[in-house]
Amino acid sequence: MTTPPTPQSAPAHERTPRAGRDLPAAIVTGVVLVVIVVGTVLWWHWGFVIFVALALSIGAVELHRAMGRLGMHSAVVPIVVGTVLMLLGAFAAAAYDLPIGANTLLVAGLGLTSAVSMLWRLPGGPKGFVADAAASLFTIAYLPLMGCFIPLMMADTLGDRRIIAWMLCVIASDTGGYTVGVLLGRHPMAPRISPKKSWEGMAGSVVTAMLVGAGCAVWGLGAPAWVGVLLGGVLSVAATCGDLVESMIKRDAGLKDMSHFLPGHGGVMDRLDSMLLSAPFAWAVLSLCL
């Protein structure tokens, strides 16, 4: 049994104080991301979908590099191309009512991307083929499959408000969980995966997300408060699981951050983790209840 790689550590002169984050850089990066997301969600829907496709493409590269440390090499080129085409095509099909439906396009895109990814690996020979194919299929399921629900939400009725409700619930879950966990956390929830997470923090996540969800439903979506309570509760659990999944990947690969692409924040996947896994649940709850 091989020993997993040890986490990467920066040289002493590059280390930042306390949590290892460059706070000024983190603030600037955070502000830029908020401006881009809010601006595109409210005024340029195509821009938001393009931004999501770009983020998922960078995430695919980060995941490719992380799994490469484990001897698994995904077909990153066809995955990135397929991701961009699927997200943009799904939004166009849904928003403009194209002859080919968004669902049909997504199923075809997932199938073609999976097939091309396996064919892409054939010239490399049989050694390691299963591991590499598994890496490709895992990446496809994790990124474009989860991410395709975002343009579907955006293209739906009141799409911008649905996106805002989804994001605010996830942000509320993260914020409430962190705050309650720091103040009251006593019982570890997943010590082998994320030692700082506690059951008290999880309770704070659920309650905060439910309250924010209720507000989004009543004042943003014109829906009963119970829809927002359900949305917030489901998204809180899904977002927490998404964070744990990404933590498992990093621990297995021996990484602290997926990359250093976002100054002060780590990699794109470090910011997408909660959002990505919660997107299908947001789409499902909003589609069934509205």
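With the condition being β-branched (Val, Ile, Thr), farther than 25 Å from residue 124 by Cβ and modelled with pLDDT of 95 or more, I'd like the helices (runs of 4 or more DSSP H) fully within the range 1-99 carrying at least 1 qualifying residues.
Working: elements: 23-43, 45-68, 76-95.
Hits in the range 1-99: 23-43, 45-68.
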Residues in the range 190-230 that are of a type in the set (A, V, I, L, M, F, W, C) and modelled with pLDDT under 90: how many?
2
Restricting the range 33-53 to residues that are touching a Leu at 6+ places or on another chain (Cβ under 9 Å) and of a type in the set (Val, Ile, Thr), the residue that is surrounded by the most Cβ atoms within 10 Å (Cβ to Cβ)
52
Residue under evaluation residue 256, criteria (1) among the charged types (D, E, K, R); (2) touching a Gly at 6+ places or on another chain (Cβ under 8 Å); (3) not in a loop (DSSP other than H, G, I, E, B), criterion not met
(3)
How about the range 124-134: which of its residues are crowded, with 17+ Cβ neighbours inside 10 Å and in contact (Cβ under 8 Å) with a residue 40 or more places away in the chain?
132
Out of the residues in the range 135-160 that are open to solvent by 50 Å² or more (accessible area, probe 1.4 Å) and part of a helix (DSSP H, G or I), which is nearest to residue 96 (Cα to Cα)?
145
For the range 204-222, does any single residue satisfy the condition of being within 25 Å of residue 97 (Cα to Cα) and either touching a strand residue (DSSP E or B) at 6+ places or on another chain (Cβ under 9 Å) or open to solvent by 40 Å² or more (accessible area, probe 1.4 Å) (or both)?
yes
With the condition kept exactly as written, say whether any residue in the range 190-198 is more than 23 Å from residue 26 (Cβ to Cβ), touching a Ser or Thr at 6+ places or on another chain (Cβ under 9 Å), free of Cβ contacts under 8 Å to residues at least 60 places away in the same chain and assigned to a helix (DSSP H, G or I).
no
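The values are calculated or read from the model by the stated rules, or taken from the named source; none is laboratory data. Fair warning: this is a prediction, and the values are worked out from it, not measured in the lab. As a convention, Cβ positions derive from the backbone with ideal geometry for all residues, glycine included, and neighbour counts pool all protein chains shown. Accessible surface is based on the protein model in full, side chains and every heavy atom, while ligands, DNA and RNA are left aside. Shrake-Rupley method; radii C 1.70, N 1.55, O 1.52, S 1.80 Å.
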